[in-house]
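Data first, discussion second: the structure below is written as C-alpha cells.
Every number here is computed from the coordinates shown, using simple stated rules; none is lab data. Predicted model only: the values in this text are computed from it and were never measured. As a convention, Cβ positions derive from the backbone with ideal geometry for all residues, glycine included, and neighbour counts pool all protein chains shown.
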Amino acid sequence: MIREMREKLSREIDQLSHELNVLLPQSIAQAVELGDLRENSEYKAALERQQFVQARLGQLHQRLNQLSQLANTEAPADRVGLGSRVTVLDLETNDTDTYMVVLAEMMDIDAGHISLASPLGRALSNGRVGDEISLRLPTTTRKLRIMELVTVHQAEGSGSNGNG
C-alpha cells in the first residue's frame, strides 16, 4: 500500500515537474511575446500557475518523505497499523466488517478503506486480535472486537496485494 502511494505521488511529481520545467516556461515565453506584461492576463495566469505548481511539488515531496517514515514507524508487525486489514465484530449486532487502514489520501469508505486519523482508525490503532474497543459516535457507542488481523508486513510477506 505504501508502495502504491509512493507511485501515485511520484506520477504526480513527474507530471507537475514536466509542467513546471517545460510547459509553463513555454506559456510564459508566449505571453511575453504578446507585449505589455502589466496588462497581460496570460502572463499573470502562467505565473500564478507556476507558483501553484511549485507549492504543490513542495507538498508532494514532503508527503513522500513522510511515507518513508510511516513505513517504519506506523506499521507495527503484530498490531493494527497503517496497511493492516482488520475484521471486527460488532458485539451488539453480531455483524462483521473488514477494513483496510490506509493513508488519508487513499481513504474510500465504500471500499472499506479507513484512515488512521478517522475515529474508527484511531480506536483500532495498536489493537490486537481479541481486543475489544469502544468507538464513541455522536449518538451512540459501538463495542467492537478485533477478530482477524493481517498487517502490512504479513500481506507483503505472503505476496498478497492487500485487496483480498
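Each row is one residue, and each column tells you yes or no for (1) under 18 Å from LEU67 (Cα atoms); (2) in contact (Cβ under 8 Å) with a residue 60 or more places away in the chain.
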{"site": "VAL80", "(1), (2)": "yes, yes"}
{"site": "GLU92", "(1), (2)": "no, no"}
{"site": "LEU124", "(1), (2)": "no, no"}
{"site": "SER134", "(1), (2)": "no, no"}
{"site": "LYS143", "(1), (2)": "no, no"}
{"site": "ILE146", "(1), (2)": "no, yes"}
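Restricting the search to region 96-119, which residues are part of a strand (DSSP E or B) and either closer than 18 Å to LEU149 by Cα or polar (S, T, N, Q) (or both)?
Hits for region 96-119 are THR96, ASP97, THR98, TYR99, MET100, VAL101, VAL102, HIS113, ILE114, SER115.
In region 134-145, what residues are surrounded by fewer than 20 Cβ atoms within 10 Å (Cβ to Cβ) and either part of a strand (DSSP E or B) or of a type in the set (Ser, Thr, Tyr) (or both)?
SER134, LEU135, ARG136, THR139, THR140, THR141, ARG142, LYS143, ARG145
Could you tell me how many of the residues in region 46-60 are among the charged types (D, E, K, R), within 11 Å of LEU24 (Cα to Cα) and either surrounded by fewer than 16 Cβ atoms within 10 Å (Cβ to Cβ) or in contact (Cβ under 8 Å) with a residue 40 or more places away in the chain (or both)?
Going through region 46-60 one residue at a time, the tally reaches 1.
Could you grab the pairs with beta carbons closer than 7 Å, sequence gap of 6+ or different chains, first residue in region 22-44 and closer than 21 Å to GLN54 by Cα, second one charged (D, E, K, R)?
That search, which allows pairs on different chains as well, returns LEU24/ARG49; ALA31/GLU42.
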